[in-house]
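*Asks:* Input: one structure, supplied below.
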Amino acid sequence: MNFWMKRSEIELGKKGEITSEQTVKFVLPVLAFLIVLGFLVYLGFKEAAQEDICKLSVLSRGTSPEAAQAAIPLKCTTKKICLSDGKGKCEDSLAGEEKIEIVNLPKDEDKSARLIEEISAKAMYNCWQMMGEGKIDIFGNYLISRGVKVKEGPTCVICSRIAIDKDVSLDVIKNVNIHRFMKENKVPNGDLTYIQAFTDKSVNTYPYISKKTFQEKIDSVIDKKITEVSANGREIALIFMQIKAPDIEKAVGNLGQDVLLASGGAFMISSIKGVSGVLSLGKIGLKSAPVILGGGVALAAFSGFNAYLGQMTAAGYCGALTTTSEIKKESGDEGCSIVQALPYDFRSVNTMCAEIEGIP
Amino acid sequence: MTINLDKKGLIKDVTSLVIAIIGILLLLFAVYQLYKVIVNGDSEIAKKTLNIIETKINYLEEGQTGKFPIIGPKEWYLVGWGKENIERPDKCYFDSCICICKGYKPEDCQGRYGFCRKVDVKDVKILEGNFEIKEPKGVPTGGGGNMPVVGYEYVAPKAIKFPENLIELQVKKTKEILEIGYTK
């Protein structure tokens, strides 16, 4: 009834024909929409648009029916950030890469360190948010829908790569304190500190969970541990990893009794400055042996960088994932997701990631 | 709906029609762009990967060797042909080229699932390729009765198959030859 009333209110021309005015009224909003879309897709195909597209693909993957997922690739493009003293462009790491965001660090060493803290924490948080805070089953359904068995090792997305130009002093890097920054500063457009956003509102102190305890629990259901990862380059990758295992809940469920796990399955890993907080989500079928790169002089020369790498606290979530009934049958609906920094080196990354998705 | 035959009315109708057609075309264009954003995964990765490899090669000076980790489209191949290799895909025209394709044969690179970039050297060598296959090519000759079928032997070019995770490419550039190897 209502529909017909509205229909009668529509202004029609003398003999019912659609007038130019009405056509323009219809076309203008469409044009406006297209212009905005054009900006998004072409002109502004930068950070914000790329992140939105990534989020959209993650959500589509996580919520679409299994049959539709085969047609939804993850449209997450690795963001490349170069931290420079103003002269270099991180040629050693990012030469030839497209769309590099070059950040010129201030001359003041303290200010430079604070800026590195801010950029690193933001990149980590953005990665976590884009990937649905670890609660969406991003890879399981997709693999099944493509006729591939769910991987036994973690599947990863490289959210961003942060390179530090060779001319940036190691003293600056050594001065970086990401833990403090995450504790004292709020996430962009939010009221929570980084630490609260990664875990829950009530948490505001370190440590939440020790790397050793978490690793032992995970290893009990998955595989051997990786003890240390060190870099001999000046580039890190912020990587989101997710693994599904039917017994994961059993293994990590009692972490709460150790007064280490934040509520709701979210956690952060503490790490002592200079020691890597790298975690392994299991590496069944992957290359064995702990990854220890560099050594001797090389390691000493990059010890500042390793300290920075170790500062890149890991954050994660273990528990139920949003999934469909088909995947529940295959491998349960429990899983662990972690976002953490690794040296951007194929050995380090491959030891942690059985499969990598996304756009380089 | 009536058609106005008078001059004023005709202009009005034509204007509406033109605007509507433009609107529909733009809408179709937008839908296609969205389709490209949502779907088209492996081809996009292939193009991006090839662009990165091409720029890294161009960045190398003669006699230099570069190593870099890279992610390619899973199960696709990195192949290359010298300008004097008659088997190279038509896409390479008269130049040496490197390609990322869904298969490792020249014809695999010719279609929509193959992307090529020219390289300014005389020859391209893919080192430590993870396979070398011999398989029949062309129409088998001979045969009949008890005679065995004799086929042309086809030696596939060495190719690098992209794994599911990172691969480290090693590129050596000299004046004449571009050598590409890998570790994974």
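The values are calculated or read from the model by the stated rules, or taken from the named source; none is laboratory data. As the structure is a computational prediction, the values presented were derived from the model and not from experiment. When we count neighbours, we look across all protein chains shown, and the Cβ atoms used for this are built from the backbone with ideal geometry, even at glycine. Side chains included, ligands, DNA and RNA excluded: accessible areas come from the protein's heavy atoms. Shrake-Rupley method; radii C 1.70, N 1.55, O 1.52, S 1.80 Å.
*Asks:* So which GluC sites (Glu not before Pro) in region A:89-139 are both in a DSSP loop and have at most 15 other Cβ atoms within 10 Å of their Cβ? Don't skip to the end; give the middle numbers.
*Replies:* On the way: sites: A:Glu91, A:Glu97, A:Glu98, A:Glu101, A:Glu109, A:Glu117, A:Glu118, A:Glu133; in loops: A:Glu97, A:Glu98.
Of the GluC sites (Glu not before Pro), the ones in loops of region A:89-139 whose Cβ has at most 15 other Cβ atoms within 10 Å are A:Glu98.
*Asks:* Just by accessible area at a 1.4 angstrom probe, what is the order of A:Ser169, B:Ser96 from largest to smallest?
*Replies:* Details: A:Ser169 45, B:Ser96 0 Å².
I get A:Ser169, B:Ser96, largest accessible area first.
*Asks:* For peptide B:41-47, how many partner chain Cβ atoms fall within 10 Å of a residue's Cβ, on average?
*Replies:* On the way: counts 9, 1, 0, 5, 6, 0, 1.
Shielding by partners across B:41-47 averages 3.
*Asks:* Can I ask one more? Which residues of region A:90-104 show a drop of at least 40 Å² in accessible area when all protein chains are present, compared with their chain alone (probe radius 1.4 Å, heavy atoms only, ligands and nucleic acids excluded)?
*Replies:* Buried by 40 Å² or more upon assembly, which counts only protein chains, are A:Ala95, A:Gly96, A:Glu97, A:Glu98.
*Asks:* For chains A and B, what's the summed buried accessible area, probe 1.4 Å, to the nearest 100 square angstrom?
*Replies:* Protein heavy atoms only, the A-B interface buries about 3600 Å².
*Asks:* Assuming 0.692 mPa s and 37 °C, estimate D for region B:58-122 with Stokes-Einstein, Rh taken as the Kirkwood radius over Cα pairs, in µm²/s.
*Replies:* 261 µm²/s
*Asks:* Provide a whole-number value for the mean count of partner chain Cβ atoms within 10 Å of the Cβ atoms in peptide B:161-168.
*Replies:* 6
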